[in-house]
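Novice: My questions will all concern the structure given below.
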Amino acid sequence: MFDESLVYLLNIVSLNNFLAMLLGVSVGLVIGAIPGLSPPMAIALLIPVSFSFSPETALILMVSCFAAGIYGGSFSAILMRAPGTSASAASAIEGYELTKRGKAIEAIRISAFASVVGGIISGFFLLFLSPPLALVSLWFGPAEYFLIALLGLSAIASVSFGSVGKGLISGLLGLCLSTVGVDHFSSFPRFTFDFVGLESGIGIMPTIIGLFAFAQGMQLCEGDPHTNISGLKKLSWRIWPTLGDVLPVKWSLIRGWFCGLVVGIIPAAGGSIAQWIAYSWEIRRAKPGDKFGEGEIKGLAATEASNNGVTGTSLIPMFVLGIPGGISAAVILGALTIHGLQPGMRLFKNHPEVIYTIMWGFIAANVMMAFVAVILARGYAYLTLFPRGIIGPLVIVFSIVGVYAGSNNVYDVWLMMGLGVLGYFMEKYGFSPAGVLLGLVLGPIAEDGMRNLLIISDDQPLTFIMGRPVSIVILLCIIGIIAFSFKKRDNSV
Amino acid sequence: MSIFKSKVLQVFLVGLVLPFAMLSSSVQAEKYPNGPVTMVVPWKPGGGTDRTARLFAPYLSKTLGVPVKVVNMGGGGGWVAWAKMAKWDAKKDDHMLGWVNFPHMLSYLNPKMKNKNNLDSFNFLTGHSLDPCIWGVREGDKRFQTLKEFIAYVKAHPNEIKVSVGGFGSDDHQAVAFAEKFIPGFKVKKIFGNNDAKKLQELYGKTADAIGGNISYFVPHMLEAKLRPIAVLGKQRASQLPTVPTFVEASGVQNFNFAARVLVAAPGLSAEKSKVLTAAIHKAMDTPEYGVRELKGHNTLWKVQGAELKTFLEGLAGTVAKVKFWDLPK
């Protein structure tokens, strides 16, 4: 497979493929950076554009847009605390704190390095290890999803800086919000109060924009309107990462990439889970002097490494088994079939020239992303020099426009604003908006997993879990994390 | 006094211009559609209907002669958009088209949903595509490789076999509910809330023993010889799977389930305008290039309109109301 894939490396060197990559990367970065507009939407918009392209060029366009879309979401997260995608929400915490301390360009340097290298490593896993790794995704059933969700929820305690109690209350609030909507198991509308808009539940995007961006807009409207976010008068041109930037955070990067690569293989887990696991892992490993929650570069390195580390491996089950791991992969799968290609091992056997060209294209797109992204991000960073009196209202307006543009649904706008006000007061009184988000994202995974686990195990979940090795490994990880937390607390006492 | 301030002259000029303005507006009114058409997808981007809409829009734009814009309006299991479509104004919203999915839209029959809309709330123009359900098992599963063997095994081992389906009330859940209601002794465990991808993940990973889904998504998996289709839940065999029997052929029980997409316009839209839209939709569906693209996606186009479509939808609603899946034990 190694030799075979190398043969097709030169296929990407064509003007068409280069332009497709450039278009995909640019569209992905811009749409990903706009809160409310998501990478799947960007990819879906490109499908009709790709009709006249050859299958490999069309798919290079899609995968480039996917990789760049995930990274684009981090711009707004770091610079404005307005995550463009759900996979970049954790980056908003440390990233924005760094921006506030006048270190926006430093944050962008690390984020670009972590994302680009994460994407490239993930791309090589996709290229060389797809068939064996695809089988790993089949080890995950309801029991494993339930436990993965629990593992993710264990991050709440870590990301609630200050009071763990308030963090847990925030997480519980998120879990409660996740129960709103039509129940998958009975078709009963739960807590919808006869509002049609609530039947599909509380959306992740309005929640992220509300809790982070809208609340941030409100906060910016306070205080002296003439000051700016970063406290800087001009931005540095030192935009390219150096060894001096990377070496101090090398282990954080490696842990982040590892989390991304592993979680990526699990269908439906994705960047939004990987980044929280990576982030909480970093916090647990905090050394004296580390300032998590106040702009710790190690935290940003880990979250940024993990969310792009996910991208390549999340395409593996889609290409090899026809099982897309997320909405973006599902749209790419749709594009694949429109161009007459069927996913599966037959694709590797019958059309190696297409599949390997696409995979090399994905890696090349990550390289191209490095150049386009850093330049775009520096342009974006100018916003941090604008006075709060302008930026605050702008963030509020863009939050409203972004949510409406993303869903064309006024319910979502009201919901976002309500959650924005909630997020604003939560921040003020030391509660954790990140905890609410984690509860909301992981609640449905845990609930569906648990209820299906009860059905298939005849209400004997523990006996069932003990018969499944992957479940046991995840369970041991959870127990290990809890034990580690107690040990750390005892030591600090 | 300036000549242009003269009232007489003003009236004269208006009188001179007005007939031309009226003529041009009447010419515009005769041409329909005379501006961009918005096509509402009741789901977020990325699903099957979204894919079909985006694939179809450029071809429909050519036959209508105006741009066609795809707008996603997800939420409420489709009902955020459908509630709006039911209230579209025949005059103001005459450039709107919407996608309605069946049997999903029939969730209004579930009394728990407290939904006041019904089939009469919509102006159904034409069917677009129909994707029959299939039941599939793992290729090589020694216990069953045909529907007959599957039913016999389930009857001999009630409540042991696990079938992965979508949400409660989805077309594939209704198909299983229907079998449980009309095949004596047929009782399976249902794993709920899964999209097509997760169903396969559970089947291949041996969490589930069988899946219920729609043909279009699963054809590639049959070609890979991993998924064995045991029955098509259509009235006839599917053209893509000529050797796979229908449910009634293999079991003697009629179990007809599918996912269908129908296009709607504003309720009360004039017959002429509805006719223009329907004709353009059909012409676009007949475009050979479009047909080939849908064929590649294994999507079966379905041009049914008027009384035939109405009878079809009413029949379907009758079946759903009879099965009352919402009252069935899980």
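The values are calculated or read from the model by the stated rules, or taken from the named source; none is laboratory data. As the structure is a prediction and not an experimental result, all values here were calculated from the model. As a convention, Cβ positions derive from the backbone with ideal geometry for all residues, glycine included, and neighbour counts pool all protein chains shown. Keep in mind that these areas ignore ligands, DNA and RNA; they rest on the heavy atoms of the full protein, side chains included. Shrake-Rupley method; radii C 1.70, N 1.55, O 1.52, S 1.80 Å.
Novice: I'd like the full set of residues that are within 9 Å of chain B (Cβ to nearest Cβ) and in a loop (DSSP other than H, G, I, E, B), limited to region A:28-56.
Specialist: Hit for region A:28-56 is A:Ser38, nothing else.
Novice: Still on this structure, please answer the following. Among the residues of region B:173-200, which ones are within 13 Å of chain A (Cβ to nearest Cβ), touching a residue at least 60 places away in the same chain (Cβ under 8 Å) and open to solvent by 10 Å² or more (accessible area, probe 1.4 Å)?
Specialist: Within region B:173-200, just B:Gln174 meets the criteria.
Novice: Still on this structure, I have one more. Inside region B:48-81, can you point out the residues that are assigned to a loop (DSSP other than H, G, I, E, B) and under 26 Å from A:Phe191 (Cα atoms)?
Specialist: Pass one, region B:48-81, residues assigned to a loop (DSSP other than H, G, I, E, B): B:65-67, B:73-75.
Correct list: B:Met73, B:Gly74, B:Gly75.
Novice: Further question: What are the residues in region A:322-342 that are closer than 20 Å to A:Trp139 by Cα, open to solvent by less than 10 Å² (accessible area, probe 1.4 Å) and within 7 Å of chain B (Cβ to nearest Cβ), if any?
Specialist: Across region A:322-342, the qualifying residues are A:Gly322, A:Ile323.
Novice: Output yes when any residue across region A:172-179 is farther than 20 Å from A:Ser399 by Cβ, crowded, with 20+ Cβ neighbours inside 10 Å and modelled with pLDDT of 85 or more, and no when none is. Please lay out each step first, then the result.
Specialist: If we filter region A:172-179 for residues that are farther than 20 Å from A:Ser399 by Cβ, which is where we start, we get A:172-173, A:175-176, A:178-179.
From the residues that got through so far, the ones that are crowded, with 20+ Cβ neighbours inside 10 Å too are A:175, A:178.
From what's left, modelled with pLDDT of 85 or more: A:175, A:178.
Yes.
To keep it simple, each residue is scored yes or no on (1) over 30 Å from A:Ala82 (Cα atoms); (2) hydrophobic (A, V, I, L, M, F, W, C); (3) buried (at least 17 other Cβ atoms within 10 Å of the Cβ); (4) out of contact with any Gly (no Cβ under 8 Å at 6 or more places or on another chain).
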position	(1), (2), (3), (4)
A:Val436	no, yes, yes, no
A:Val441	no, yes, yes, no
A:Glu447	no, no, yes, yes
A:Leu454	yes, yes, no, yes
A:Leu462	yes, yes, no, yes
A:Gly467	yes, no, no, yes
A:Ile472	yes, yes, no, yes
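Novice: Here is a follow-up. Would a scan of region B:111-121 turn up a residue that is open to solvent by less than 10 Å² (accessible area, probe 1.4 Å), touching a residue at least 24 places away in the same chain (Cβ under 8 Å) and in the same structural domain as B:Thr319 (by TED's automatic domain parsing)? Walk me through it before giving the result.
Specialist: Start the filter on region B:111-121 by keeping residues that are open to solvent by less than 10 Å² (accessible area, probe 1.4 Å), which leaves none.
For region B:111-121, residues open to solvent by less than 10 Å² (accessible area, probe 1.4 Å), touching a residue at least 24 places away in the same chain (Cβ under 8 Å) and in the same structural domain as B:Thr319 (by TED's automatic domain parsing): absent.
Novice: If only one of A:Asn350, A:Asn366 is open to solvent by 20 Å² or more (accessible area, probe 1.4 Å) and at negative phi, which one is it?
Specialist: Criteria check complete, one pass: A:Asn350.
Novice: Would you mind stating whether A:Glu282 is free of Cβ contacts under 8 Å to residues at least 60 places away in the same chain, part of a helix (DSSP H, G or I) and of a type outside the set (A, V, I, L, M, F, W, C)? Spell out how you get there, then give the answer.
Specialist: On the way: free of Cβ contacts under 8 Å to residues at least 60 places away in the same chain: yes; part of a helix (DSSP H, G or I): yes; of a type outside the set (A, V, I, L, M, F, W, C): yes.
Criteria met by A:Glu282.
Novice: Something else: Only one residue in B:Val68, B:Val41, B:Val100 is within 10 Å of another protein chain (Cβ to nearest Cβ), surrounded by 23 or more Cβ atoms within 10 Å (Cβ to Cβ) and either under 27 Å from B:Asp286 (Cα atoms) or of a type outside the set (Val, Ile, Thr) (or both). Which one? I'd like the intermediate steps shown before the answer.
Specialist: On the way: B:Val68 fails: within 10 Å of another protein chain (Cβ to nearest Cβ); B:Val100 fails: within 10 Å of another protein chain (Cβ to nearest Cβ).
After ruling out the rest, the residue left standing is B:Val41.
Novice: Can you go through A:Gly223, A:Gly271, A:Gly244, A:Gly231 and tell me which one is crowded, with 23+ Cβ neighbours inside 10 Å and either more than 14 Å from chain B (Cβ to nearest Cβ) or free of Cβ contacts under 8 Å to residues at least 24 places away in the same chain (or both)? First the steps, then the outcome.
Specialist: Working: A:Gly223 fails: crowded, with 23+ Cβ neighbours inside 10 Å; A:Gly244 fails: crowded, with 23+ Cβ neighbours inside 10 Å; A:Gly231 fails: crowded, with 23+ Cβ neighbours inside 10 Å.
Of the residues listed, the single one that is crowded, with 23+ Cβ neighbours inside 10 Å and either more than 14 Å from chain B (Cβ to nearest Cβ) or free of Cβ contacts under 8 Å to residues at least 24 places away in the same chain (or both) is A:Gly271.
Novice: What is the residue count in region A:186-209 for residues that are of a type in the set (A, V, I, L, M, F, W, C), surrounded by fewer than 18 Cβ atoms within 10 Å (Cβ to Cβ) and facing chain B (nearest Cβ under 9 Å)?
Specialist: Here the count works out to 2.
Novice: Touching a residue at least 60 places away in the same chain (Cβ under 8 Å) and over 30 Å from A:Leu235 (Cβ atoms): does that describe A:Phe188? Don't jump to the end; show me each part of the working.
Specialist: Details: touching a residue at least 60 places away in the same chain (Cβ under 8 Å): no; over 30 Å from A:Leu235 (Cβ atoms): yes.
Spelling it out, it is not the case that A:Phe188 is touching a residue at least 60 places away in the same chain (Cβ under 8 Å) and over 30 Å from A:Leu235 (Cβ atoms).
Novice: Here's a follow-up. Of all the residues that make up region B:48-65, how many are under 23 Å from A:Gly334 (Cβ atoms), in contact with a helix residue (DSSP H, G or I) (Cβ under 8 Å, 6 or more places away or on another chain) and open to solvent by less than 30 Å² (accessible area, probe 1.4 Å)?
Specialist: Matching residues across region B:48-65 total 8.
Novice: Return the residues of region A:290-304 that are in contact with an Asp or Glu (Cβ under 6 Å, 6 or more places away or on another chain) and either within 11 Å of A:Ser111 (Cα to Cα) or surrounded by 24 or more Cβ atoms within 10 Å (Cβ to Cβ) (or both); say none if nothing qualifies. Lay out the reasoning, then the answer.
Specialist: Let us first name the residues in region A:290-304 that are in contact with an Asp or Glu (Cβ under 6 Å, 6 or more places away or on another chain), namely A:290, A:294-296, A:298-300, A:302.
Correct list: A:Lys298, A:Gly299, A:Leu300, A:Ala302.
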